[in-house]
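What follows is a single structure, written as structure tokens, with notes after it.
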Amino acid sequence: MNGISTILLLFVSNVFMTFAWYGHLKLQQMNVFTDNTPLYIVILLSWMLALPEYACQVPANRIGFEGNGGVFSLMQLKIIQEVISITVFTFFALFVFKNQTLHWNHIAAFACLILAVYFAFVKGFGPPIRVCDPMGPSRYTSPRVETLTYATGIPFQL
């Protein structure tokens, strides 16, 4: 259930985010805002939309994060959020801004995002990449050689 709640909250969050970031452009096209509308008014309106966005985004990440009992790693949460964001934006661009068109390169970019989701959820291609602190646990201890192990398992000296 945590996974579904997380995805639904991320979706709602991204709807608000898209309207906060791009809705003012549509309002300008509709002459609700003009070139004479002060920028601070547009920013305040966007901030008012950003508050509900954060009210959904923060709980989504807290509920979904495996460190809080959720089902997603931090990387998986970010990849999911990006795919939801571009999906919401695509529908927004096509249906709110009617003069926008979808081209092959947009579809290719979306396919790459789907591949990113796939790779974010695939378990294990060898050992994890570990980055060691070259200074060791403290700068004041005797110098020592740290090893950086890549997914290939080949040790590299720093």
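The values are calculated or read from the model by the stated rules, or taken from the named source; none is laboratory data. Model, not experiment: these values are computed from the prediction. Every residue, glycine among them, receives a Cβ derived from its backbone with ideal geometry; neighbour counts consider all protein chains shown. These area figures cover heavy atoms from the full protein model, side chains too; ligands, DNA and RNA do not enter into them. Shrake-Rupley method; radii C 1.70, N 1.55, O 1.52, S 1.80 Å.
Given 0.36 nm per residue, what is the gain on full extension from Glu66 to Thr101 after removing their alpha carbon distance, in nm?
Numbers: separation 35, 0.36 × 35 = 12.60 nm, distance 3.83 nm.
Result: 8.8 nm gained on full extension.
State whether the range 1-94 is rounded, prolate or oblate according to the following rule on the C-alpha gyration tensor (a ≥ b ≥ c being the square roots of its eigenvalues): a/c under 1.5 gives rounded; otherwise a/b larger than b/c gives prolate, and the remaining case gives oblate.
Numbers: a/c = 3.63, a/b = 2.31, b/c = 1.57.
Prolate shape, in that a/c is at least 1.5 and a/b is the bigger ratio.
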>> What FRET efficiency comes out for Asp35 versus Glu82 if R0 is 30 angstrom and r is the Cβ-Cβ distance? Round to the nearest 0.05.
In response: 0.35
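What does the highest-first list of 88-94, 34-40 look like by mean Cβ count within 10 Å? Before the final figure, lay out each step's value.
Details: 88-94: 16.3, 34-40: 8.3.
Averaged packing, sorted descending, gives the order 88-94, 34-40.
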> How big is the gap, in Å, between the Cα center of the range 36-52 and the Cα center of the range 64-106?
Replying inline: 23
> Quick one: how many Å² of Leu25 are accessible to a 1.4 Å probe, rounded to 10?
Replying inline: 70
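Work out how much length Val117 to Trp21 would gain on full extension: take 0.36 nm times their residue separation and subtract the Cα-Cα distance, in nm to one decimal. Could you put the intermediate results ahead of the total?
Numbers: separation 96, 0.36 × 96 = 34.56 nm, distance 2.43 nm.
Length difference between fully extended and current span is 32.1 nm.
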> Any idea how far apart Leu51 and Asn2 come out in nm if each label point goes 7 Å out from Cα toward Cβ?
Replying inline: 3.0
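With the other protein chains left in place, how much accessible area per residue, in square angstrom, belongs to the range 1-110 at a 1.4 angstrom probe? Don't skip to the end; give the middle numbers.
Details: 7200 Å² over 110 residues.
Value returned for the range 1-110: 65 Å² of accessible area per residue.
Averaging sequence separations of C-alpha pairs under 8 Å and six or more residues apart, then dividing by the length of the range 1-132, give the relative contact order as a whole percent.
Working: 106 pairs, mean separation 38.7, N = 132.
It comes to 29 percent, rounded to a whole number.
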